[in-house]
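What follows is one structure encoded as structure tokens, with my remarks underneath.
Every number here is computed from the coordinates shown, using simple stated rules; none is lab data. All figures in this text were calculated on a predicted structure; none of them were measured in a lab. Note that each Cβ is placed from the backbone with ideal geometry, even for glycine, and that neighbours are counted across all protein chains shown.
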Amino acid sequence: MRIDKLLSNMGIGTRKDIKKFAKDGLVQVDGKVVKDSSQHVDPDHQTIEFDGEVIRYREFVYLMLNKPPGVISATEDLVERTVVDLLDAQYMPFEVFPVGRLDKDTEGLLILTNDGKMAHELLSPRKHVPKTYYADVEGIVTEEDIVSFKNGVRLDDGYQTLPADLVILQSGDVSQVEITIVEGKFHQVKRMFQAVGKRVNYLKRIQMGALPLDPALSLGEYRELTEEELSLLKMME
Ligand code: URA
């Protein structure tokens, strides 16, 4: 690919800027200054540097975010802070977006990527990708609730959910549970508990497909997926 295209894709500047930067000697390929910005390079096999820094070119970026409460799962918003606002400027050129949505007050695992095909596959209702949440629920969660969720519950709009797996970690005035659903209706977990007369007062996604949230990530922290994690996600495609 042309070096000016590569560098502009990486957010270094416009092609016109890069033409000038190359003339000024700021662009190097395999240690040699390249003055002609139309030159072709092979980013997989050549080392490309701009102003002394190695440019790691890739088409797609995959990030795991531990979403904090109070930010919305969108790329931009006039009023609210979005998950994309949490990212470092180096990720801006990639134009990542969240794969699905977590409510503003929900925490936990959110994947951000610019790989539209992969996002589409993960979100496809046909694929039934399991998503596991930890929840604090007001009131005593019972064995009957487990059975109801296994059979699917009827939501407020009449929709009958697919079977969901409910695990009671602790039952009490506020119960602690884990729930795995294979679809992604609006406010689904909260509405499923509403259907059995209970209220979720804390919700955190802890797994998507075979990919668990890295417990080392604090709220608001994120990192790129490793190759192994990416293949765990791709197993769902
Ligand atoms: N279910 C909900 O109710 N909210 C979320 O954010 C995710 C699943």
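Here's a check for you: in segment 159-191, which residue that is among the small types (Gly, Ala, Ser) and over 20 Å from residue 128 (Cα atoms) is nearest to the ligand (Cβ to nearest atom)?
175
Please work out which residue is farthest from residue 123 (Cα to Cα), limiting yourself to segment 144-190 and to residues that are basic (Lys, Arg) and within 23 Å of the chain's Cα centre (by Cα).
190
Residue 80 fails exactly one of the following numbered conditions: (1) assigned to a loop (DSSP other than H, G, I, E, B); (2) within 17 Å of the chain's Cα centre (by Cα). What is the number of that condition?
(2)
Could you tell me how many of the residues in segment 120-149 are buried (at least 19 other Cβ atoms within 10 Å of the Cβ), not acidic (Asp, Glu) and not in a strand (DSSP E or B)?
Number satisfying all stated conditions: 4.
Conditions first: (1) among the small types (Gly, Ala, Ser); (2) under 16 Å from residue 107 (Cα atoms); (3) touching a residue at least 12 places away in the same chain (Cβ under 8 Å); (4) not in a strand (DSSP E or B). Residue 216 passes all but one, so which condition is the exception?
All conditions are met except number (3).
Would you pick out the residues in segment 83-128 that are over 14 Å from the mean Cα position of the chain (by Cα) and hydrophobic (A, V, I, L, M, F, W, C)?
Within segment 83-128, 89, 92 meet the criteria.
Just to be sure I understand, how many residues within segment 1-35 are part of a helix (DSSP H, G or I) and closer than 25 Å to residue 95 by Cβ?
Selection size over segment 1-35: 15.
List every residue pair whose Cβ atoms lie under 6 Å apart, where the two residues are 6 or more positions apart in sequence or sit on different chains, the first residue falls within segment 110-137 and is of a type in the set (Lys, Arg), and the second residue, located anywhere, is crowded, with 16+ Cβ neighbours inside 10 Å.
Cβ pairs passing all conditions: 131/181; 131/208.
I'm trying to understand the selection: among the residues of segment 203-224, which are in contact with a Pro (Cβ under 9 Å, 6 or more places away or on another chain) and crowded, with 16+ Cβ neighbours inside 10 Å?
Answer for segment 203-224, where residues must be in contact with a Pro (Cβ under 9 Å, 6 or more places away or on another chain) and crowded, with 16+ Cβ neighbours inside 10 Å: 206, 207, 208, 209.
Kindly list, by first and then second residue, each pair from a residue in segment 190-206 that is touching a residue at least 60 places away in the same chain (Cβ under 8 Å) to a residue that is surrounded by fewer than 18 Cβ atoms within 10 Å (Cβ to Cβ), limited to pairs with Cβ atoms under 7 Å and residues at least 6 apart or on different chains.
Correct list of pairs: 198/138; 198/139; 199/138; 201/136; 201/138; 202/136; 206/212.
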